[in-house]
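The values are calculated or read from the model by the stated rules, or taken from the named source; none is laboratory data. Since this is a predicted model, take the numbers as computed values, not measurements. Please note: Cβ atoms are built from the backbone with ideal geometry, for glycine as well, and neighbour counts cover all protein chains shown.
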Amino acid sequence: MTTPTLSRRMALFAGAALPLAAPALLTARPALAAAPQQGAMHAPFHRVKLGGFEVTTVLAGTRAGDKPQETFGMNVTPEEFAAASAANFIPADRTFNFFTPVVANTGTELVLFDTGLSAEGTTAALASAGITPDQIDIVVLTHMHGDHIGGLSAEDGTVTYPNARYVTGATEHNNWSTAANEGFDAKVKPLNDKFTFLDDGGAVVSGITAMAAPGHTPGHFTYMLESNGARMAILADTTNHYVWSLAYPDWEVRFDQDKAQAAATRRQILGMLATDRIPFAGYHMPFPAIGFVETNGDGFRYVPASYQLML
């Protein structure tokens, strides 16, 4: 007599008919200690290709805040501000700010644009990207606000980038030299003999050109990077928020010294980037702070970069 065999289908039905396992067999293994929550975080650096250059954005710091309309959209109604915020899926009563210096490796020079709020924050972000302060050849200051010059030196006055020379706009430096400003006096003045001063159209090095973008400060500069036919703009504070400033270029920003001129500069530069489809790095854009801009009605729309510059 042969032993009967079960087909696969019969075996499945047979398994389904088995009695439930004994309770002891269903007892879960002891719970392991949960990993502690660490809070929302961002990677500290992001690197892309630009022709023969490498461009690295480094997250030198962040800051959460409330009452954003005390800074952005000061000339519009709370209702308009709230509607624009809701349309872009962000709260109207809270904001999150990013501070993002940029490093351009040209193949022969390592050029740092702006230095963050502090030496500690920026050097930590640079270290995550495999860059040490002594490797920086040139420090470019787009303008002299504290969150851009704060990392030039430590609290004890120790220079952060000992082997670098320094570049900034002549108008910008002259403006702050004649003003009473403790940050400028502490951070910039001690390095005055290491500075080179540029006018509109001046070159930092081959492939990096200064472009006047006044309004935020009198001598505020943006910079255009060009390598092997590829271009990227370093916008600094031309626009300070991807919705409340970029999307609505006529909205007033508290930190713009000449608000009408700043708005005109935004329209001019963002219009150029949209027309020519040039990517840009923005100091206060959502990290990794690289994207594109397109026209949108009477304003613009920020388009974050995905993999375009990774290819």
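The table below lists the values:
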read-out: Answer from 234, 290, 278 - the residue that is more than 18 Å from residue 209 (Cβ to Cβ) and β-branched (Val, Ile, Thr); value: 290
read-out: Out of 256, 298, sole residue that is of a type in the set (Asp, Glu) and closer than 21 Å to residue 98 by Cβ; value: 256
read-out: Residue among 82, 87 that alone is exposed (fewer than 14 other Cβ atoms within 10 Å of the Cβ) and farther than 27 Å from residue 165 by Cβ; value: 87
read-out: Search result, residues across the stretch 45-68 that are over 28 Å from residue 224 (Cα atoms) and surrounded by 20 or more Cβ atoms within 10 Å (Cβ to Cβ); value: 68
read-out: Hey, residue 231 touching an Asp or Glu at 6+ places or on another chain (Cβ under 7 Å), at pLDDT 95 or above and part of a strand (DSSP E or B) or not; value: no
read-out: Elements of type strands (runs of 3 or more DSSP E) contained in the stretch 70-168, each with 1 or more residues being of a type in the set (Phe, Trp, Tyr); value: 94-99, 110-113
read-out: Test result for residue 285, of a type in the set (A, V, I, L, M), in a loop (DSSP other than H, G, I, E, B), at pLDDT 95 or above and under 17 Å from the mean Cα position of the chain (by Cα); value: yes
read-out: Where residue 37 falls short, out of the listed (1) surrounded by 10 or more Cβ atoms within 10 Å (Cβ to Cβ); (2) at pLDDT below 95; (3) farther than 30 Å from residue 164 by Cα; value: (1)
read-out: Subset of the stretch 86-105 (residues that are in contact with a Ser or Thr (Cβ under 7 Å, 6 or more places away or on another chain) and either among the aliphatic types (A, V, I, L, M) or modelled with pLDDT under 95 (or both)); value: 92, 102, 103
read-out: Residues that are part of a strand (DSSP E or B) and touching a residue at least 12 places away in the same chain (Cβ under 8 Å), drawn from the stretch 171-204; value: 195, 196, 197, 198, 204
read-out: Of all residues in the stretch 102-116 being under 25 Å from residue 253 (Cβ atoms) and in contact with a Phe, Trp or Tyr (Cβ under 6 Å, 6 or more places away or on another chain), the one that is surrounded by the fewest Cβ atoms within 10 Å (Cβ to Cβ); value: 102
